[in-house]
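The next block holds one structure in the form of structure tokens; read it before the comments.
The values are calculated or read from the model by the stated rules, or taken from the named source; none is laboratory data. A quick note: this is a predicted structure, and the numbers were derived from the prediction, not measured. The accessibility values were calculated without ligands, DNA or RNA, using every heavy atom of the protein model including side chains. Shrake-Rupley method; radii C 1.70, N 1.55, O 1.52, S 1.80 Å.
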Amino acid sequence: MSLGTWLKAGTSAAVLVLVAATAATAAPAPVADATTAIVTLRYDDSRAAGWEAAIAAGVASWNANVSNVRLVEAAPGTRAEIVIVATTGWPQATLGPVRPGRQVRVELGAQAVSQGYDKTRIAAHELGHSLGLPDTKPGPCSQLMSGSSAGTACTNAVPNATERARVQNAYANGLAGILPSDGRVLVDAP
């Protein structure tokens, strides 16, 4: 019914305003989707015997602290982007950010553990390299990427705000925003 018809019928302006307001709220305009694309990266720890609990804790730490990249265990027989192996040397990893379809290697070294470094911190730190974070040595225990420079008493396996932001930024635009890594291998020896 047109405004003129309403007025001729003697409908009060208050009723007209109420009807107009109801019509405006009954079918709101569509809202743009504000969700961020989540990049899923698979890891294979089948060759990291003795490190399973540390890897699970390191993965959980990253998954709890960044929202646009998820680390998930690869199903048997599927290709993983992050291959994790146990070695006798010092921990090391290929610097990312890794993207789906590309593969990097993380080595969790027993030499660091024998010298007193925390396994969970090592695992989370090396995964941080895969997500694109370089070492920040020397650095305090509050910086996950300070690695061995924080000392053997440090057990922090949680990225700080700066580290979280760098990973968030690296994966901010989903696959389109991930720059290729330069392939450097970072060895985490003191």
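Once every Cα of the range 30-146 carries one equal point scatterer and solvent is ignored, give the base-10 log of I(q)/I(0) from the Debye formula at q = 0.17 Å⁻¹, two decimals.
For the range 30-146 at q = 0.17 Å⁻¹, log10 I(q)/I(0) is -0.80.
Keeping every protein chain present and rolling a 1.4 Å probe, give me the accessible area per residue for the range 75-119 in Å².
Spelled out: the 1.4 Å probe surface of the range 75-119, per residue, equals 44 Å².
Using θ = phi - 60° and the Karplus form 6.51 cos²θ - 1.76 cosθ + 1.60, what ³J(HN,Hα) does each residue of the range 151-156 get, whole Hz, x for Gly and Pro?
So the Karplus estimates, Gly and Pro as x, are x, 6, 6, 6, 10, 4 Hz.
Could you give me the ³J(HN,Hα) list for the range 120-125, computed from phi with Karplus coefficients 6.51, -1.76, 1.60 and θ = phi - 60°, whole Hz, x at Gly and Pro?
Per-residue couplings from phi come out as 5, 4, 4, 4, 5, 5 Hz.
Residue by residue through the range 102-113, which ³J(HN,Hα) values in whole Hz follow from phi under the Karplus form 6.51 cos²θ - 1.76 cosθ + 1.60 (θ = phi - 60°), with glycine and proline marked x?
9, 10, 10, 10, 10, 10, 9, x, 5, 4, 5, 5
Whose amide H sits under 5 Å from the amide H of Arg70, counting only residues 5 or more places off or on another chain, with H placed in the peptide plane?
Val39, Thr40, Leu41
Would you calculate the volume per residue, in Å³, of the smallest convex hull containing every Cα atom of the range 95-150?
72 Å³
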